[in-house]
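Engineer: Below you will find the structure I want to go over with you.
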Amino acid sequence: MSFDLYQQVILDHNRKPRNCGALEGHTHTCHGHNPLCGDDYTVYLKVTNEQIEQVTFEGNGCAISKASASMMTQSLQGKNIDQAQALFEEFHQMVLGNLDAESTETQLGKLKIFQGVRAFPSRVKCASLSWHAMHTALTQKEDEVSTE
Amino acid sequence: MTASTTTNDPLSVEEIRSDFPSLTVPMHGKPLVYLDSAATTLKPRPVLETIQEFYGHRYGTVRRAVYGLSEQATAAFERTRKTVTRFINAPTSRSIVFTKGTTESINLVASSWGKTHLRPGDEVLISAMEHHANIVPWQLACEATGAQLRILPMNSSGELLTEELDTLLNKRTRLVAVTGLSNALGTINPIQEICSRAHAQGSLVLIDAAQMAGHMAIDVQALDCDFLAFSGHKVFGPCGVGVLYGKPEILETMPPYQSGGDMIREVTFEKTTFADIPVRFEAGTPAIVEVIGLGSALEYIHSIGFEQIGAHEKDLLRYGTDLLEQIPKLRLIGTAAHKSSILAFILEDVHAHDIGTILDQAGIAIRAGHHCAQPTMKFFGVAATSRASLSIYNSREDLDALALAIDEVITLFRS
């Protein structure tokens, strides 16, 4: 069996998630939870002068949600808040199927691997959960986000 | 795929399968392996034909008009009430209320019976393995009346600890609401014993038969249950229709659940008097054709017979259990000695939703999630399970395909 969705990169991040664990001295955090499938993550960011110095996550869920969280932490290193929010917007629109990452110039890079999620409407929330948590943490609206 | 023999099968699966057009429609280019009948069953041709024939040629409103179409529709509608009466061996068709489904049936009892019969300090007992539809209505009824909700626990196989009834059942217990067959675990509960022990303490009993109704014969008089609820769409019938059985002498003590047309005797602007049971509980124009389609579904089940259905599903359950138990890192959730039609499992290191998505790509439809039984998931310490549920149209080949696909999931996640 081979599936567009479960590519080796995703399976690898699921097995060995990067930047996984709580972050001491974080300046922003948000807990993301999907009660329907049990995906449950907390995203931590350390921001100095609008610049993201470090991002980590901890929690559990399906391979798509975990790989997405892991790859998100990598892609945010060194970005400023505006760039991170812009990347959230691109990622979100891509998984919803509103942005074709193949034919559009974006900052998504390796994250394009999640474009396949748009063919699985019930899994879009898995891919976007940690992104919503990061977005909410940086917007500082609340410290809890839920995707259903 | 492993070759399997079904020659000793007492039920002709091929013949049954040919009654279900959905099974001929490929999924992702693969033959459909439908293993989600606990969520909803596929529909056989006789039900589809009844619906089309009725909407197409015999449609009219019920219980209102004097013209022929309406009188014929009313007769067909009420014939279904008699079919349901026979299906669960109810004493009279006055005890059969048509609802939207099991959820509405239970809400009807929780709301109408609950608000008139529950008092502060009373207790309602449910089991640890209930579907949310048999938890939340009782929580709300208890909140509204000051009654207490008590929980009958289970063991790690998913069997109710009936010895706990000694202390949980007491003179404050007004109602025991319990599932006959767990949708998340497949456990067949000892509802006969629960009924007699509850009655000995003066408590009523409601059976959630949503899962049970398509798999096992139900005799409400032998059980002596006070209420029983099931849905049309889980017994090969249409969506949007269900049944509440209630002992007539109890239904008569209950006020209307909803109000409006059809359920009245006389309305003036000062006062309304209500219709007799069961119509008192059927406000508004009912799902006429769906009710008649349900009658057709129950006749379809009757034409096969529960003995045949039970033998076939028992064979499938044993065959599927053996196959899944051979898979390393797979743990069955729900291993009761007395079990039916459900194979719920978790795989070490692979989330249920990943399994569900990957199996779907192989044409295999299973359910992944909490199955509307979050307390059950919590008890077993899992966020979600994968669940293959069986019905009359499933074959051993379906289970071979399931086991093969799970093996491939494991290979994929190991690679």
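Engineer: Which one, B:Gly240, B:Ala198, B:Val178, projects farthest toward the positive side of the charge dipole computed for the range B:49-303 from Cβ point charges (K/R +1, D/E -1)?
Structural biologist: Checking the options against the dipole of the range B:49-303, the answer is B:Gly240.
Engineer: While we're looking at this one, here's another question. Only Cα pairs under 8 Å and at least 6 apart count here; give the relative contact order of chain B as a rounded whole percent.
Structural biologist: So the answer I get is 23 percent.
Engineer: If I model a spin label as a point 7 Å beyond the Cα along the Cα-Cβ vector, how far apart are those points for A:Glu105 and B:Arg58 in nm?
Structural biologist: The two pseudo-label positions are separated by 6.8 nm.
Engineer: Under a plain spin-label model, where a point goes 7 Å from the Cα along Cα-to-Cβ, how far apart in nm are B:Arg265 and A:Gln93?
Structural biologist: 6.6 nm
Engineer: Next up: If you take the charge dipole of the range A:8-139 about its Cα centre, with +1 on Lys and Arg Cβ and -1 on Asp and Glu Cβ, which of A:His26, A:Gly97, A:Pro121 is farthest toward its positive end?
Structural biologist: Of the candidates, A:Pro121 comes out farthest on the positive side.
Engineer: Where is the GNM fluctuation largest for chain B (alpha-carbon springs, 10 angstrom cutoff): B:Lys43, B:Lys314, B:Lys30?
Structural biologist: Largest GNM mean-square fluctuation: B:Lys30.
Engineer: Let me make sure I get this right: for the range B:195-289, a, b and c are the square roots of the gyration tensor eigenvalues over alpha carbons, sorted descending. Under 1.5 in a/c it's rounded, otherwise prolate if a/b > b/c, else oblate. Which is it?
Structural biologist: Because a/c hits 1.5 or more and a/b fails to exceed b/c, the range B:195-289 counts as oblate.
Engineer: Give me the distance between the Cα centres of the range B:269-300 and the range A:1-63, rounded to whole Å.
Structural biologist: Between the Cα centres of the range B:269-300 and the range A:1-63 lies a distance of 52 Å.
Engineer: Oh, and also: Tell me the label-point distance for the pair B:Gln72, B:Arg318, using the 7 Å Cα-to-Cβ offset, in nm and rounded to one decimal.
Structural biologist: According to this spin-label approximation, the distance is 4.9 nm.
Engineer: May I pose another question? Give the residue from B:Ala336, B:Ile410, B:Thr50 lying farthest towards the positive end of the charge dipole for the protein assembly as shown; charges sit on Cβ (+1 for Lys and Arg, -1 for Asp and Glu) and the dipole is referred to the Cα centre.
Structural biologist: B:Thr50
Engineer: Non-local amide H neighbours of A:Gly32 (under 5 Å, H modeled in plane, Pro and chain starts lacking H): which ones?
Structural biologist: Under 5 Å from the amide H of A:Gly32 lie the amide H atoms of A:Tyr41, A:Thr42, A:Val43, A:Val145, each far enough along the sequence or on another chain.
Engineer: Tell me the angle of helix B:45-57 to the major Cα principal axis of chain B, expressed in degrees between 0 and 90 and rounded to the nearest ten.
Structural biologist: Computed tilt is about 40 degrees.
Engineer: Quick check: the distance between the Cα centres of the range B:34-92 and the range B:96-113, to the nearest angstrom?
Structural biologist: That distance is 19 Å.
Engineer: From Cα coordinates alone, what are the radius of gyration and Dmax values for the range B:347-401 in angstrom?
Structural biologist: For the range B:347-401, the Cα radius of gyration and maximum Cα-Cα distance read 12.3, 33 Å.
Engineer: Also, quick follow-up: If you build a Gaussian network model of chain B, linking Cα atoms that sit under 10 Å apart, which residue out of B:Thr145, B:Thr102, B:Thr173 swings the most?
Structural biologist: B:Thr145
Engineer: Give, in whole angstrom and from largest to smallest, the semi-axes √(5λ) of the equivalent ellipsoid of the range A:8-139, with λ running over the eigenvalues of the Cα gyration tensor.
Structural biologist: Result for the range A:8-139: semi-axes of 21, 18, 13 Å.
Engineer: Ok, one more. Where the only charges are on Cβ atoms (+1 Lys, Arg; -1 Asp, Glu), what is the dipole of the range B:49-303 about its Cα centre, to the nearest 20 debye?
Structural biologist: 480 debye
Engineer: Have a look at A:Gly61, A:Gly38, A:Gly116 and tell me which one the Gaussian network model of chain A (Cα, springs below 10 Å) gives the largest fluctuation.
Structural biologist: A:Gly38
Engineer: Roughly how tilted is helix B:306-325, in degrees to the nearest 10 and between 0 and 90, from the longest Cα axis of chain B?
Structural biologist: In chain B, helix B:306-325 runs at an angle near 40 degrees to the longest axis.
Engineer: Kindly state, to the nearest 0.05, the FRET efficiency for B:Leu404 paired with B:Thr272, given R0 = 56 Å and r defined as their beta-carbon distance.
Structural biologist: The formula returns an efficiency of 0.35 here.
Engineer: At a Förster distance of 25 Å, what's the computed FRET efficiency of B:Thr253 paired with B:His199, Cβ-Cβ distance as r, to 0.05?
Structural biologist: So, using R0 = 25 Å, E works out to roughly 0.90.
Engineer: Enter the angle in degrees (range 0 to 90, nearest 10) between the Cα long axis of helix B:136-145 and the first principal axis of the Cα atoms of chain B, meaning the one along which they spread out most.
Structural biologist: For helix B:136-145, the angle is close to 40 degrees.
Engineer: Moving on. Using the Cα centre as the reference, give the magnitude of the dipole from point charges on the C-beta atoms of the range B:71-166 (Lys, Arg: +1; Asp, Glu: -1; all else neutral), rounded to the nearest 20 debye.
Structural biologist: Roughly 640 debye for the range B:71-166.
Bear in mind that the values in this text are calculations on the coordinates, not laboratory data. The structure presented is a predicted model; accordingly, all values stated were derived computationally and were not measured. A quick note on method: Cβ atoms are made from the backbone with ideal geometry, for glycine too, and the neighbour counts reach across all protein chains shown.
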